[in-house]
Structure formats: structure tokens, C-alpha cells
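Take a look at the structure below.
What follows is calculated from the coordinates using simple rules that are stated; it is not laboratory data. Since the model is a prediction, treat every value here as computed from it, not as a measurement. When we count neighbours, we look across all protein chains shown, and the Cβ atoms used for this are built from the backbone with ideal geometry, even at glycine.
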Amino acid sequence: MPKQYQDKELLNKIILTIKEVRKKHGVTLETFYFDTGIHLARIEQGKTNISVSTLSKICNYFNLSLADFFKLLES
């Protein structure tokens, strides 16, 4: 599989996992934005790439370590 497709597949898994975690916690996109200043809607729609530092902030908001987040990607 070409690298660009692997990258897109990984990004899609990250996006879906963020969305699942957010919904599991019952947090709306609006609430998340007001609490963090992070425009999660753009990330969930795949309109912007996500940095590791932003992912870390998202995980911290949900009391989730980066290691646990990446374990969710594999499940």
C-alpha cells in the first residue's frame, strides 16, 4: 500500500477514535471548543491535520493518556 494511503488510513483511525471518545463522554463539539479552544469539528471532518500536541490536549481533556489512546486505535 502506498505511503499516502497508509497516512490517510491512520489519520482516519485517529479521527474516528477521537469522535468515539468524545461521544462516549457525552461532550458536544461546541462544549469541547468552549472548554479548550480547539476546533474539534475541523479535525473530525478531516479538514485539518492534527499535531501530537493537539492530540495530547484532547487526551488530557478526556483524562486519557496518549498510550491508552493509541491502544484504542488498535482495538
* Assuming I14 fulfils every condition listed in (1) in contact (Cβ under 8 Å) with a residue 24 or more places away in the chain; (2) farther than 18 Å from E74 by Cα apart from one, which condition is it? -> (2)
* Structure fact -> Inside region 44-75, the number of residues satisfying the requirement of being more than 15 Å from L10 (Cβ to Cβ) and among the β-branched types (V, I, T) is 3
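Consider L55 carefully, then state whether it is in a helix (DSSP H, G or I), over 9 Å from the mean Cα position of the chain (by Cα), surrounded by 11 or more Cβ atoms within 10 Å (Cβ to Cβ) and among the hydrophobic types (A, V, I, L, M, F, W, C).
Numbers: in a helix (DSSP H, G or I): yes; over 9 Å from the mean Cα position of the chain (by Cα): no; surrounded by 11 or more Cβ atoms within 10 Å (Cβ to Cβ): yes; among the hydrophobic types (A, V, I, L, M, F, W, C): yes.
Against the criterion (in a helix (DSSP H, G or I), over 9 Å from the mean Cα position of the chain (by Cα), surrounded by 11 or more Cβ atoms within 10 Å (Cβ to Cβ) and among the hydrophobic types (A, V, I, L, M, F, W, C)), L55 does not qualify.
Do we have T48 as farther than 18 Å from L73 by Cβ and either surrounded by 12 or more Cβ atoms within 10 Å (Cβ to Cβ) or under 11 Å from the mean Cα position of the chain (by Cα) (or both) here?
Values: farther than 18 Å from L73 by Cβ: yes; either surrounded by 12 or more Cβ atoms within 10 Å (Cβ to Cβ) or under 11 Å from the mean Cα position of the chain (by Cα) (or both): yes.
Here the answer is yes, as T48 does meet what is asked.
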* Checking V27 against (1) over 12 Å from the mean Cα position of the chain (by Cα); (2) part of a helix (DSSP H, G or I), the condition it does not meet -> (2)
